[in-house]
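Visitor: Here it is: the structure, laid out below.
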Amino acid sequence: MPIQKATIQQTKEILKCALDVMDEATVGNVVPSWQKAKELIWPFLNNGGFYLVYMENNTIQGWIGIGTNYDFYTDQVIGIIPELYVLPPFRKKGIAKQLCEEACRQLNKMGYDRIQLNVFEGNHAKQLYRKLGFRDIYTTMELKGKI
């Protein structure tokens with residue numbers, strides 16, 4: 001299988017793409033910055049989270065982050081997927097689906113039967129997540145400007 005846990009060097013390569021990942025994932029709702037990337041990524045990695053990489057021909061084609069988080073609504077520790085990204089030249093080949101399925105398998109093996117992720121409205125990955133069985137459990141709504 002071309003999916004494996006990322007090495008330290010591979011993780012460094014992934015982190016170099018943080019601004020591109022943030023820009024695409026937030027579909028224009030967040031101005032990407034290194035400071036914001038650090039605020040999002042370091043807590044996940046420092047809490048034992050890690051990346052799985054999809055490799056072919058010694059090239060990282062995509063990755064997914066897996067970790068845990070405390071769900072304040074249910075008072076449970078749950079599995080989380082904080083990031084999924086496939087590099088543009090390798091898209092539309094089923095890599096994202098394979099990464100998601102492997103991340104869920106690994107989180108299940110770690111004892112987590114609940115897995116959550118956040119996705120911005122308008123992000124095309126939401127369709128994939130739904131196909132894999134993820135469902136909406138809450139919605140954050142926003143009003144800009146004055147009424």
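Visitor: Go through the range 56-146 and tell me which strands (runs of 3 or more DSSP E), entirely inside it, have 3 or more residues that are in contact (Cβ under 8 Å) with a residue 24 or more places away in the chain and under 24 Å from Leu19 (Cβ atoms).
Guide: Ranges flagged: 59-71, 84-86.
Visitor: Let me confirm something: among Ile8, Ile14, Ile60, which residue is surrounded by fewer than 12 Cβ atoms within 10 Å (Cβ to Cβ) and more than 23 Å from Glu121 (Cβ to Cβ)?
Guide: So the residue among Ile8, Ile14, Ile60 that is surrounded by fewer than 12 Cβ atoms within 10 Å (Cβ to Cβ) and more than 23 Å from Glu121 (Cβ to Cβ) is Ile8.
Visitor: Can you tell me which residue is surrounded by the most Cβ atoms within 10 Å (Cβ to Cβ) among those in the range 98-147 that are under 12 Å from the mean Cα position of the chain (by Cα) and not hydrophobic (A, V, I, L, M, F, W, C)?
Guide: Residue satisfying both the conditions and the ranking: Tyr129.
Visitor: Let me ask you something else. Does the range 34-48 include one or more residues that are at pLDDT 95 or above and part of a strand (DSSP E or B)?
Guide: no
The values are calculated or read from the model by the stated rules, or taken from the named source; none is laboratory data. Please read all numbers here as calculations on a predicted model, not as lab measurements. Cβ coordinates were reconstructed from backbone atoms using ideal geometry, including for glycine residues, and neighbour counts include every protein chain displayed.
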